[in-house]
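Asks: This is the structure I have questions about; it appears just below.
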Amino acid sequence: MAEKFDAIVVGAGPAGNAAAYTLAKGGLKVLQLERGEYPGSKNVQGAILYSDALERIIANFRDDAPLERHLIEQRVWILDDESYVGTTYRSAQFNQPPYNRYTIIRAHFDKWFSSRVQQAGALVICETTVNELLLDGKRVVGVRTDRQGGDIYADVVILADGVNSLLARKAGFHPEIKSKDVALAVKEIHFLPQETIESRFNIGEDEGVVIEMAGKISQGMMGTGFLYTNKESITLGIGCMLSDFKCQRTTPYALLEKMKAHPAIRPLIEGGEMKEYAAHLIPEGGYDAVPPIYGEGWLIAGDAGMFVNGLHREGSNLAMTTGQTAARTVLDLAAAGKPFSAKNLARYRERLDDSFVMKDLKKYRRAPEIFHDNSQFFTTYPELLNRAAHTLIRVDGVDKKTKEREIRRNFVARRSAWGLIGDAFKMWRAFE
Amino acid sequence: MHSVVCIKQVPDSAQIRVHPVTNTIMRQGVPAIINPYDLFALEQALRLKDRFGGTVTVVTMGPPQAEVALRKALSFGADEAILVSDRAFAGADTLATSCALASTIRQIRKNMPVDIVFTGKQTIDGDTAQVGPGIARRLDLQLLTYVSRILEVDHGARQIRVERRAEGGVQVLRTALPCLITMLEGTNEMRFGTMADMFRAARAELKVWDRLAAGIEDPSLVGLKGSPTVVGKVFAPKPRALRAEMIETATQEPKDLAVTLLAKLFTQHPRIERELARRAV
């Protein structure tokens, strides 16, 4: 006898958990299916948790969520081969609770999130893969899992099945994702004693630092690196567009090895013991790559819907917000006794358009293309900036005016006067 | 046919790490799994059920978190699950554990006679292989350890015939039911449970038995009090200073290689050289 639920959520990442939690709290009979051994076992993220999105779902999450360190310092580095120029923002204000950003270890965090989902009343079943959607005409009426007797029915299905979005693709809701729309990120976790991390980064207990990196570490590809401090470990990684990896035939691990050997990065992880190695795709196609996210009896949330703001390294918060918004849309319709038709579920997209999710993606819609076509931002400029800093700071008997002239000459020689103006305009358009 | 399968929730030893500074075992974040050897026991019990019908009851003694292991066993197709959990059981060694489990099985068979008790051949965290035999002794069951195959179960004659791995070969043994079987690894492959079993496992209200429910009147028989084993010291072995070494010669001729290898051996172990020289004379 096939089971019937009010709603099925596919996937137990941040989007799926936010959706299942919200639906269960709203009183619906919810089934959440996860293919991994336990919630979080397949999930990969840097990871930084932005409190705001989670707070809107679970207000008291700080009571028992496994959080590593709250961030009090943000560094941005533009790297050349041997040097970097950078900025640092550190503020005592970040030390005032409630804290705004935390480093987390996703395997622990996702387990906690899932336990809250189960407490809310959703039935969570792991190690079960949804192979396809059950359709009645165009309407999604349930899912078919890989287990014997695996057809399960529901009034509405929320697809939070991650970046590859296999189910929606199989059902023909959208074509295969393009390699120019996804980044491939690799990361490592290096174990270091708590005291070492705290002295090395000049932080106290529970305080954390983020370093965002761009420049020659991406070897001309469109991408950035990162380093986060956890309680007893350091996470570092780098991600670049998959299409660039394909073009350059660079391997992700070689990229990461080179980055780890950089003279500014090597001492930070010195003596660490590698604990974990992970790689994942990140949907960074931006606004124009967002697929249809609703239809007859279905909604898409999280990575599956391309909801990532690559420029600002935001993803899990968009995932939680879209998951919650999808669930609220369902709850509203259920309360009003209305069917989950495409026409009614269109409200989901309207809500996202009105929220930071779509507004931010729209603001940076041109960024992916501009950075993709202008690799000078990842190669020439970091080099020029670092050389300029070096020339200015070195004391060698040359007068400052001559030094300034030399710096100017270098810039013009590499990019020409019109090139510089053009690049400035492109940068403005990317961030406008 | 009623089988009782004793399982244990253990830390996944493949993922246990030793703290580089304090040399203590880091349990935090290490996933808890069903002792892998127990899965062969559970699958064997499920196969008997497939063939002869009946019931598979899974038992574990452990803290409340061990519930996860029992749910997993249910999702594979076990019918009943009992968590034997009481603060009085904490700190048990193999003696106290087999005492508690034997008493639990005595209670179980009050409701339904038990034909076979299954355990894995040993656990991956204790590695003693003592609890199964301990239960058999206490319940006066025929004991079949390291069983690789069940050849025949004759209900009428109340007999079972099994293959058992022994030193230097395979023994075929016949004995009377009820018996206790400790199952060898690699003898079967755990099934992929049905969707219905997944739902049943996720929704099941687990039975939790405390000391008295498990039929143990005397608390000094279980837990730390009932455990004569004392852990004197825990330490991480020092990594060996010697490492494998590649020895190369210019010619790659077997003779040259052998000479180089022997020279190396003799410099490190002069005694071998002396001994060989003595015998050569």
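The values are calculated or read from the model by the stated rules, or taken from the named source; none is laboratory data. Quick caveat: nothing in here was measured; it's all calculated off a predicted structure. Neighbour counts run over all protein chains shown; Cβ positions are idealised from the backbone, glycine included.
Asks: Can you confirm whether segment B:177-191 contains a residue that is over 23 Å from the mean Cα position of the chain (by Cα) and not charged (D, E, K, R)? Outline the logic, then answer.
Replies: Step one: of segment B:177-191, the residues over 23 Å from the mean Cα position of the chain (by Cα) are none.
No, segment B:177-191 has no match at all.
Asks: Check every one of the helices (runs of 4 or more DSSP H) wholly within segment A:360-432 and list those with 3 or more residues that are aromatic (Phe, Trp, Tyr). Give the derivation first.
Replies: Details: elements: A:367-373, A:380-393, A:400-415, A:417-431.
Passing ranges, in order: A:417-431.
Asks: Just checking, how many residues over segment B:113-125 are surrounded by fewer than 16 Cβ atoms within 10 Å (Cβ to Cβ) and closer than 20 Å to B:Ala100 by Cβ?
Replies: 1
Asks: Let me ask you something else. Of A:Ala59, A:Ala65, A:Ala53, which residue is surrounded by fewer than 17 Cβ atoms within 10 Å (Cβ to Cβ), away from every other protein chain (no Cβ under 14 Å) and within 30 Å of A:Leu33 (Cα to Cα)? Walk me through how you get there before you give the answer.
Replies: On the way: A:Ala65 fails: surrounded by fewer than 17 Cβ atoms within 10 Å (Cβ to Cβ); A:Ala53 fails: surrounded by fewer than 17 Cβ atoms within 10 Å (Cβ to Cβ).
Residue meeting the stated conditions: A:Ala59.
Asks: Looking only at residues that are over 28 Å from the mean Cα position of the chain (by Cα) and without any contact (Cβ under 8 Å) to a residue 24 or more places away in the chain in segment A:111-136, which one is farthest from the other protein chains (Cβ to nearest Cβ)?
Replies: A:Asp136
This table checks each residue for (1) more than 14 Å from chain A (Cβ to nearest Cβ); (2) surrounded by fewer than 18 Cβ atoms within 10 Å (Cβ to Cβ).
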site: B:His2; (1), (2): yes, no
site: B:Pro11; (1), (2): yes, yes
site: B:Ile16; (1), (2): no, yes
site: B:Leu42; (1), (2): yes, no
site: B:Leu48; (1), (2): yes, no
site: B:Ile105; (1), (2): yes, no
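Asks: Which residue pairs have Cβ atoms closer than 7 Å, lie 6 or more positions apart in sequence or on different chains, and pair a first residue in segment A:82-108 that is within 14 Å of chain B (Cβ to nearest Cβ) and at pLDDT 90 or above with a second residue that is surrounded by 11 or more Cβ atoms within 10 Å (Cβ to Cβ) and outside any loop (DSSP other than H, G, I, E, B)?
Replies: A:Ile104/A:Leu49
Asks: Does B:Arg191 satisfy the condition of being away from chain A (no Cβ under 14 Å) and either at negative phi or part of a helix (DSSP H, G or I) (or both)?
Replies: Values: away from chain A (no Cβ under 14 Å): no; either at negative phi or part of a helix (DSSP H, G or I) (or both): yes.
Answer is no for this residue.
Asks: Applying the selection to segment A:176-200, what residues are without any contact (Cβ under 8 Å) to a residue 40 or more places away in the chain and in contact with a helix residue (DSSP H, G or I) (Cβ under 9 Å, 6 or more places away or on another chain)?
Replies: Quick first cut of segment A:176-200, residues without any contact (Cβ under 8 Å) to a residue 40 or more places away in the chain only: A:176, A:193-195, A:197-199.
Result: A:Glu176, single match.
Asks: Listed residues B:Val222, B:Val234; which is at pLDDT 90 or above and more than 30 Å from A:Gln32 (Cα to Cα)? Before you say what the answer is, go through the steps one by one.
Replies: Values: B:Val234 fails: at pLDDT 90 or above.
Exactly one residue qualifies, and that residue is B:Val222.
Asks: Oh, and also: Filter the strands (runs of 3 or more DSSP E) completely within segment A:53-159 down to those with at least 2 residues that are over 18 Å from A:Tyr228 (Cα atoms). Spell out how you get there, then give the answer.
Replies: Values: elements: A:69-79, A:84-90, A:101-103, A:123-125, A:130-136, A:139-145, A:151-159.
Per the criteria, A:123-125, A:130-136, A:139-145, A:151-159.
Asks: Scanning segment B:122-158 for residues that are polar (S, T, N, Q) and closer than 21 Å to B:Arg106 by Cα, which turns out nearest to the chain's Cα centre (by Cα)? Walk me through it before giving the result.
Replies: Within segment B:122-158, the first condition is being polar (S, T, N, Q), and the residues that meet it are B:122-123, B:128, B:130, B:142, B:145, B:148.
Remaining after also requiring closer than 21 Å to B:Arg106 by Cα: B:130, B:142, B:145.
On the way: B:Gln130: 9, B:Gln142: 19, B:Thr145: 11 Å.
Filtering first and then ranking leaves B:Gln130.
Asks: Taking A:Arg69 as the residue in question, decide whether it is in contact with a Ser or Thr (Cβ under 6 Å, 6 or more places away or on another chain) and on the phi < 0 side of the Ramachandran plot. Full working, then the answer.
Replies: Values: in contact with a Ser or Thr (Cβ under 6 Å, 6 or more places away or on another chain): yes; on the phi < 0 side of the Ramachandran plot: yes.
Answer is yes for this residue.
Asks: Consider B:Arg158 carefully, then state whether it is touching a Ser or Thr at 6+ places or on another chain (Cβ under 8 Å) and among the basic types (Lys, Arg). Explain how you work it out, then say what you get.
Replies: On the way: touching a Ser or Thr at 6+ places or on another chain (Cβ under 8 Å): no; among the basic types (Lys, Arg): yes.
Criteria not met by B:Arg158.
Asks: Follow-up question, since we're still on this one. Considering (1) at pLDDT 95 or above; (2) surrounded by 23 or more Cβ atoms within 10 Å (Cβ to Cβ); (3) within 24 Å of A:Phe307 (Cβ to Cβ), say which one A:Val210 fails and leave the rest.
Replies: Checking A:Val210 against (1) at pLDDT 95 or above; (2) surrounded by 23 or more Cβ atoms within 10 Å (Cβ to Cβ); (3) within 24 Å of A:Phe307 (Cβ to Cβ), the one that fails is (2).
Asks: Exactly one of (1) of a type outside the set (Asp, Glu); (2) surrounded by 10 or more Cβ atoms within 10 Å (Cβ to Cβ); (3) within 14 Å of chain A (Cβ to nearest Cβ); (4) in a loop (DSSP other than H, G, I, E, B) is unmet by B:Pro239. Its number?
Replies: In the conditions (1) of a type outside the set (Asp, Glu); (2) surrounded by 10 or more Cβ atoms within 10 Å (Cβ to Cβ); (3) within 14 Å of chain A (Cβ to nearest Cβ); (4) in a loop (DSSP other than H, G, I, E, B), B:Pro239 misses (2) alone.
Asks: For residues that are over 18 Å from the mean Cα position of the chain (by Cα) and β-branched (Val, Ile, Thr), tally how many sit in segment B:85-104.
Replies: Qualifying residue count for the region: 1.
Asks: Here's something else I'd like to know. Of all residues being within 19 Å of B:Met61 (Cβ to Cβ) and among the basic types (Lys, Arg) in segment B:168-221, which is surrounded by the fewest Cβ atoms within 10 Å (Cβ to Cβ)? Just the residue, please.
Replies: Per the stated criteria, the residue is B:Lys207.
Asks: B:Lys225 passes all but one of (1) under 27 Å from B:Phe89 (Cα atoms); (2) surrounded by fewer than 12 Cβ atoms within 10 Å (Cβ to Cβ); (3) of a type outside the set (Asp, Glu); which number fails?
Replies: Against the list (1) under 27 Å from B:Phe89 (Cα atoms); (2) surrounded by fewer than 12 Cβ atoms within 10 Å (Cβ to Cβ); (3) of a type outside the set (Asp, Glu), B:Lys225 comes up short only on (2).
Asks: Taking A:Arg169 as the residue in question, decide whether it is modelled with pLDDT of 95 or more, among the basic types (Lys, Arg) and surrounded by fewer than 18 Cβ atoms within 10 Å (Cβ to Cβ). Give the steps one after another, and end with the answer.
Replies: Numbers: modelled with pLDDT of 95 or more: no; among the basic types (Lys, Arg): yes; surrounded by fewer than 18 Cβ atoms within 10 Å (Cβ to Cβ): yes.
No.
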